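Below you'll find the structure, written out as structure tokens, and then a few comments.
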Amino acid sequence: MSIRTSDPDDAAGFVAAVRSGDEAAFGALTEPYRRQLHVHCYRMLGSFDEAEDLVQETLLRAWRGRAGFEGRSMVRTWLYRIATNACLDHLESAQRRLQSLESPQAGGSNAVDWLQPYPDRLLDQIASSDSEPDAVVIAKETIELAYLAAIQYLPPRQRAVLILRDALGWSAKEAANLLDESVASVNSALHRARSLMRKRLPKHRVEWSTASTPTTAERKLLERYMDATDRADVTALTALLREEVRLTMPPYPTWFQGRDEIANVFALATNPNLPTYQGQFRTVATAANMQPAVAAYVRRPGDSQYRALGLDVLRLEGDLVIEITRFVNADLFATFGLPPTI
């Protein structure tokens, strides 16, 4: 987006108003990009909450630096430059713990304990926005959890280059200008980043569906998963899991590998005769990171309501669940537009 007017005098007047401190003009200039900037910061950081903070920091820096905006560059480029640098500053100062979850069946896996899901209902706002028609901004393969977890293992500047080039589709020259790097250094960083990502991403990822909406088969599988959970039917749930299915639970280092192990976890939580019994479950379908998801509510013994418990983000392949990322965090429900109780 440049200044949207065909009259050079109007454009110059609008830029002058922004530079002089007109808050309404500044808001009109930057607000259309808030959600796109949030997704950009989310990719850089892997955390929905931290992305919120960094968008605010970006707009604050833009406001403070408004005198330097002359209107010759696109507003989008100006804001993405500020947002990228704000994220890089944050990453340099943040203490991040990266772990490797090892299993004899599947080798290493990503464990990013600050990873949070991103509601599809907010991604849909970008898809329908006139200010950013390019669907690459929210392409499924660069917003799904496996990608977000893997990218956190890249050095910050390599991460920025990969996102700008592969997720946003910027040219090497555009990325170099934004990062104040040479084209050669950007190309070199991109090569190294892609090589590291190939090592971190699941081996068969290229075979996953890239459809942005679930297929009929996926919807039916999700319904069966929810039905088995609601009925506490361990046998039915087990039948939906691939033999080498994996369950991780960020921010906790807890993980489970294999159909039988995950079924046992479910049995322990749903058997009223065991001390590990949590209560009766009710589920609601939702979506996160362009993946099907299930919001779980639990009615504990003695309670009259089902209360928000957590969110399962599922990776499906064929007619089986092959990975579950479980976020046991009731605070997420508001972000997903879900009530705290049902």
Per-peptide average of other Cβ atoms within 10 Å, ordering 304-310, 80-86, 274-280 highest first: 80-86, 304-310, 274-280
Rounded FRET efficiency, nearest 0.05, which uses the C-beta distance separating Ser304 from Asp89 and R0 of 35 Å: 0.10
Efficiency of FRET between Asp180 and Lys203 - r from beta-carbon atoms, R0 45 angstrom, step 0.05: 0.80
Cα gyration tensor shape for region 216-335, rounded if a/c is under 1.5, else prolate or oblate: rounded
Amide H contacts under 5 Å for Leu316, placed H, 5+ residues apart: Ile322
Spin-label pair His191/Leu320, simplified geometry with 7 Å Cα→Cβ offset, distance in nm: 3.9
Extension reserve of the Leu60-Thr254 stretch, reckoned as 0.36 nm per residue once the Cα distance is removed: 66.0 nm
Length-normalised contact order for region 216-335 - Cα pairs under 8 Å, 6+ apart - percent: 24
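Given R₀ = 25 Å, FRET efficiency for Ala217-Arg121 by Cβ-Cβ distance, to 0.05?
0.65
No value in this document is a laboratory result; all are computed from the given coordinates. Only a predicted model underlies this, so the values are computations on that prediction, with no experimental measurement involved. Methodologically, a virtual Cβ is constructed for each residue, glycine included, from the backbone with ideal geometry; neighbour enumeration extends over all protein chains shown.
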